[in-house]
Every structure is written in structure tokens, then in C-alpha cells.
Amino acid sequence: MDLNLLRHHGRCEWELPAQGAMRVPALIYADEALVRAMDDKVREQAANVAALPGIVRAAYVMPDAHWGYGFPIGGVAAFDADAGGVVSAGGVGFDVSCGVRCLHTGLHRADIMAVQRRLADALYERIPAGVGSTGAIRLGAAEMDAMLAGGAKWAVQRGWGSEADLERIEEHGQMLHAKPGKVSEHAKRRQRDEMGTLGSGNHYLEVQEVAELFDARIAAGFGLAAGDIVVMIHCGSRGLGHQIGSEFLREMAIAAPRHGITLPDRELACAPIRSELGQDYLGAMRAAINCALANRQILTALVRQVFADVLPRAKMPLLYDVSHNTCKLERHQIDGRMRELYVHRKGATRALGPGHADLPAALRDFGQPVLIGGSMGTGSYVLAGTTASEGLAFSSACHGAGRAMSRHQALRTWFGRQVLDELAGRGILVRSPSSRGVAEEAPGAYKDVSAVVDAAHDAGLACKVARMVPLVCVKG
């Protein structure tokens, strides 16, 4: 990205001033090296987002940002419905409510290494992964709608976990005001056999060791200690979310002129929040959020079953579950007064600060856990939301490492077997049904997650708490 077009306000804050059709500036939170490495398309997309009706304060770009569909991945924007604000399917993304959850185990490295191969094989055998993967669950029409309305609560009521899990999930496991009736039959058919599956792309399940602590007080508050073993699950709403995104993007693009909206980019298709189309999308999107929450809850139950068989000493309470492709109605302080805003986070994670009422009581003194998945084999992080983040980017932070090259480029650079052998040589066992998928997700295809996390920390978006390294990985 050309730094000459930006104003530098600090080591990790860069401003693209409002110009042309932009209604507000765009702000990029990253260090100089990360900004230089960003494609100019990120700047162009942020400027286009800043031109949308009803946008509040600024269009924000997280340190892991890269080119996306409409919004940059790593983009955050809030809109005021009372000021003609819009909701954009491109501002949420296709994998609605893709997110990460982290489980404690009560185990240590020696426990895992004694059964590493057996554990890897068992997880791979019992956690369906890959393109078009299907599970043992089959949902009829009534159960599909119940799941889309109930989310993780629905899953718990059917035996996939406990009530204690719900306290550690965004929205307590259920996104209210979902409208299953606004989800097409085609989207529902795509999801009928996909509950309890990881899918493909960058989705994964990892058994990880806590390798380093950065804030001992918050780590203790989160129940983390050096040497602990945790499990991270990264996945979303599978085919249903993708179908919802595709269908509503098309409808919004067609309807934009009727609503008096001039789109700077067709991929930024949107609709007024107060419109029938805007409300239909919000209802369908909330149903997709519930689908993702239910899916991760079922996967959690499957993981617990595997550990019960292979490592029965494991105790596996949930640390937290947080999504990074959503639009949520939230209250934020703007110019000294509280306003209700529709906050889009595409490839960005909610990061509530200490004391926030939406946090579980046990975590409220420490801030919300922000779960950052690294590229395959490179490690992940737990961060904590900060008070400062509220005033910076509507309590938002990064969501992962962020791609440094396209999947096509990765395929031209690596072979799947080469990546698997390299990781095995470092003591990391990877199980995947797709050699192509492994090559596409090679560690070198992503940015340095440590640099991304450092930038988020230095900007005040989140506080570094712990770093984990993988021992076992199952991916699509």
C-alpha cells in the first residue's frame, strides 16, 4: 500500500482522509511493515465502505486485513439506522459467524505426546472435515428451523453439551430475532447433513500447548497456565451461510437503485436497515449465526467424546466462543451519547473491555477473550478486550493471521505432502482429507500472526495474554 496517501498518527494508526464520495475517513491499525504489505485494494475497499450511507465515525481496517468481497477482510464499520444506515451482506461475508472456540483440558504436553498419533487419528475419524463433508446428524424441516432459531441452546437441549457452555458463548449461545423463514429452502438443504462438520478452507481443530504467557493476571483469570493443553475449533455456518450471503448480495445489488443507493462497488451491495429487504437479511443472517453456534457446539461434544475415549482424565470446560463474520446491534458512545449501531465485523473479532455487562461474571474483570487462530502449524493467541478498544474501533480486534497470498499462489508454491512432512518433522501431526487443501493453507501463505497480534496490542485494540503452539491439527 502507498503510505504517501495516508496520514500517520502513531506507530499503529494510519488515516485515509475523507475525500471524494467518502462520508468519513478510513483508519488502519497496523505497523508500517504490515501496512506496506497490504494490497492497494484494501485501501480502495476501505474508502468504498466509508462512502456507504449512515456510516458512523470511520471505516476501520484491522492489522490482518487483506482484499475481500466488498469489504476488506479485517474490516469494521458501524451504521445508524436512524441516519439512513445500511446493512451489507458483503460486510458480513459468506461464512456467516465463522468463529473460534477454545476448550480447556486439564492436561499437559506429556499426556498428549504419549497418545499423539492415536488422538490425531481418532479426531480425524470422528470429526468430519473437507469440502462437502457430512455428519451423522440429519435435520428434518422442523428441526432445521428449531436449530436456526435456537443456536447452541438448541444443541445443548438435545444433549450436545451443558448449560455451563452457554455462559461462555457470545449471545449466551442464541442470537435472538433470527428468522428461519427468511432462509431459503436451498440454503436449508445445503445444511441438512452438514451439522457437526468442520468444512474446508482455513477451518480446523487443533490440540495446542500454552507456550508463553504475556499477562499473568488475565491468563489466570481465563484459567490458562504455561504448559496447559487446550483445544481450538475454527469453523462457521457451512453451506447455509454461504447460500444466504450469495442470495442476499444478488437481491441487494438489484434493489440498490430502488432505495436511492449508488454503489461504489457492486460487491458492496447493501440495503437500508429499515427496509423490508434489510430486515429480511438481518433475520436470515441471525439464523446463520445460530447455525454456526450450534455447529461449533456439536463439534465440541464430538471432541469431548474422543478425549473421553483416548484421555479419560481430561476435563473440558469451555473458555470462550467468539465469531468474526457478523453484523450486530450494539450500543456505543458517540460524541458523548449512547447510540444503537449495526456493527459489521468481517474477519474481525468483538473485543469487549473489562466491566462490560455482556461478559460472563467470571470474566468481567479481565475483558473478553479474543481468540486468534494462526496459520496451520504456526500457533495461535488468546488476547483480551481493552477499555481503549471501545473508542478505537467499536470494541473490535483482528481475527487471525490474514492471508499473504492467494490460494492459487499457494498451490503453485507448495505441495500438500511437503507441508505435512515439514510439520511432522516439527512434532505437529496434521490430518486432512485433501492434499490440495493443505497446500492452500501452507503456513507461508499467511502473514506472521505474531506481528499481527503485536500490532493489535500496540494499537490498544486488545491485550496479549497467551500464545499456543499446535501438537495435533485436523483440517479440511
From largest to smallest, what semi-axes in whole angstrom does region 364-476 give when each is the square root of 5 times an eigenvalue of its alpha carbon gyration tensor? 30, 15, 10
Mean shadow area of region 210-250 over all directions, Cα convex hull, nm²: 4.8 nm²
Under a plain spin-label model, where a point goes 7 Å from the Cα along Cα-to-Cβ, how far apart in nm are residue 259 and residue 388? 3.6 nm
Taking Cα centroids, how far is region 106-134 from region 348-414 in Å? 25 Å
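Which of the peptides 97-108, 119-130 is most tightly packed, and how do the rest follow, going by the mean number of other Cβ atoms within 10 Å of each residue?
Listed from highest to lowest mean packing, they are 97-108, 119-130.
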Share, in percent, of DSSP beta bridges within the chain that are antiparallel, nearest 5: 90 percent
What's the magnitude of the charge dipole for the chain around its Cα centre, counting Lys and Arg as +1 and Asp and Glu as -1 at the beta-carbon? Answer in Debye, nearest 20. 780 debye
Can you order the peptides 178-184, 255-261 by their average number of other Cβ atoms within 10 Å per residue, highest first? 178-184, 255-261
If each residue of separation counts as 0.36 nm, what is the full-extension length gain between residue 226 and residue 134 once their alpha-carbon separation is subtracted? 29.5 nm
With the label point 7 Å along the Cα-to-beta-carbon line of residue 7 and a cut-off under 19 Å to each amide N, the hits in region 308-346 are 335
Could you count how many Lys pairs in the chain have their Cα atoms under 27 Å apart, skipping same-chain pairs fewer than 8 positions apart? 28
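Highest first, please rank the peptides 84-92, 297-305 by the mean number of other Cβ atoms sitting within 10 Å of their residues. Please report the intermediate quantities before stating the final value.
Numbers: 84-92: 26.3, 297-305: 21.6.
The most tightly packed comes first, giving 84-92, 297-305.
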Over all Cα pairs of region 1-145, how is the pair count split among 5 Å bins, expressed in % and running from 0 up to the last occupied bin? 2, 8, 13, 15, 12, 9, 9, 10, 10, 7, 4, 1, 0
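Based on DSSP H runs of at least 4 residues, each adding -39500 (n - 2.57), what is the mean residue ellipticity at 222 nm of the chain after dividing by all its residues, to the nearest 500 deg cm²/dmol? Working shown, then result.
Numbers: 15 runs with 161 residues, N = 476.
It comes out at -10000 deg cm²/dmol, rounded to the nearest 500.
For an R0 of 41 angstrom, estimate the FRET efficiency from the Cβ-Cβ distance between residue 308 and residue 331 and round to the nearest 0.05. Write out the running numbers ahead of the final one.
Details: r = 41 Å, r/R0 = 1.01.
It comes out at approximately 0.50.
With the full set of protein chains in place, find how many percent of the accessible area of region 319-425 is carbon and sulfur; take the probe as 1.4 Å.
On the way: 1890 of 3880 Å².
Roughly 49 percent, rounded to a whole number.
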Could you compute the FRET efficiency for residue 250 and residue 315, with r as their C-beta to C-beta distance and R0 at 41 Å, rounded to 0.05? 0.30
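For region 114-185, which whole-number percentage of the solvent-accessible area (1.4 Å probe, protein heavy atoms only) is attributable to carbon and sulfur atoms? Don't jump to the answer; show the numbers that get you there.
Details: 1890 of 3640 Å².
Solvent-exposed carbon and sulfur of region 114-185 make up 52 percent of the total.
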With the full set of protein chains in place, find how many percent of the accessible area of region 1-72 is carbon and sulfur; take the probe as 1.4 Å. 46 percent
So if we plug the beta-carbon distance of residue 19 and residue 177 into 1/(1 + (r/R0)^6) with R0 = 35 Å, what FRET efficiency do we get, rounded to 0.05? 0.40
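For region 70-187, calculate the relative contact order in percent as a whole number, restricting contacts to Cα pairs under 8 Å that are 6 or more residues apart. Walk me through the intermediate numbers first.
Details: 45 pairs, mean separation 17.8, N = 118.
Contact order relative to length: 15 percent.
Taking only C-alpha pairs under 8 Å that are 6+ residues apart, what is the relative contact order of the chain in percent?
Working: 1202 pairs, mean separation 105.3, N = 476.
Computed over the chain, the figure is 22 percent.
Per residue, how many Å² of accessible area does the chain show with a 1.4 Å probe? Mind showing how you got there, number by number?
Values: 17000 Å² over 476 residues.
Using a 1.4 Å probe on heavy atoms only, each residue of the chain averages 36 Å².
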So what's Rg/Rh here for region 238-287, counting alpha carbon atoms and using the Kirkwood radius for Rh? 0.97
Restricting the count to DSSP beta bridges whose residues both fall in region 327-476, what percent are antiparallel, rounded to a multiple of 5? 85 percent
Considering the Cα positions of region 180-312, please state its Rg to one decimal place and its Dmax as a whole number of Å. 20.0, 61
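How large is the convex hull of the Cα atoms of region 268-338 per residue, expressed in Å³ as a whole number?
Numbers: hull volume 9.6 nm³, N = 71.
Measuring per residue, one finds 135 Å³ for the Cα hull of region 268-338.
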Shape descriptor, the chain: equivalent ellipsoid semi-axes (Cα gyration tensor, sqrt 5λ, whole Å, largest first) stand at 32, 25, 22
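The values are calculated or read from the model by the stated rules, or taken from the named source; none is laboratory data. These numbers come from a predicted model, not from an experiment. Cβ coordinates were reconstructed from backbone atoms using ideal geometry, including for glycine residues, and neighbour counts include every protein chain displayed. Surface accessibility is based on the protein's heavy atoms, side chains included, excluding ligands, DNA and RNA. Shrake-Rupley method; radii C 1.70, N 1.55, O 1.52, S 1.80 Å.
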